[in-house]
Amino acid sequence: MFKLSEIKELIELLDQTSVHELEIENEGARLCIRKNGVSEVVHVQPMQATAAPGFVPATVSVPATQEATSAPQATEAARSAAPAANLHTIVSPMVGTFYRSSSPEAQPYVNIGDKVGEKTTVCIIEAMKLMNELEAEVKGEIIDILVENGQMVEYGQPLFLVKPE
């Protein structure tokens, strides 16, 4: 279940972005927040498939609404380009702020052309004052970095393109 303080923080984060709708599922409850002021909490059945802790699916289904069609074209181009070029897309597992390094003075975790392994940390996503390290989950070479340091990212937004080995 969602705590009121968590919902308030999510609303504040949503207000600071160009995102119009946010939907999160957690422990059998679904929270949907829309900028037009409508929000809802719905109880749902637990998912049938079991996954490893921390696993987030790489595909995201977005309802065909007016807000969804106004998404940035670069994001859509990256999603469609990755499968065509046999590239792996590393996506954001949450809404938050994207950071390429552990601190402003530190070197970025990865750059274009760097080789990565499954456990290589590629960035940090800050959400609700928690720093979440994101791993590559695939062995290969970083082909493109699709977001800027310090940029707000959405759940399921492509962050990196990796050419698998």
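The values are calculated or read from the model by the stated rules, or taken from the named source; none is laboratory data. On a predicted model such as this, the values are computed, not experimentally measured, just so you know. Here the Cβ is made from the backbone with ideal geometry for all residues, glycine too, and neighbour counts use every protein chain on show.
Checking each residue in region 86-107 for being in contact (Cβ under 8 Å) with a residue 12 or more places away in the chain, in a loop (DSSP other than H, G, I, E, B) and on the phi < 0 side of the Ramachandran plot picks out 87, 92, 93, 94, 95, 100, 101, 102.
Look at (1) crowded, with 18+ Cβ neighbours inside 10 Å; (2) farther than 27 Å from residue 18 by Cβ and you find that residue 106 fails only one, number (1). When region 76-103 is filtered for residues that are among the polar types (S, T, N, Q), surrounded by fewer than 21 Cβ atoms within 10 Å (Cβ to Cβ) and modelled with pLDDT of 90 or more, the ones remaining, listed by number, are 97, 101, 102, 103. Of the set (1) out of contact with any helix residue (DSSP H, G or I) (no Cβ under 8 Å at 6 or more places or on another chain); (2) over 29 Å from residue 25 (Cα atoms), all apply to residue 144 but (1).
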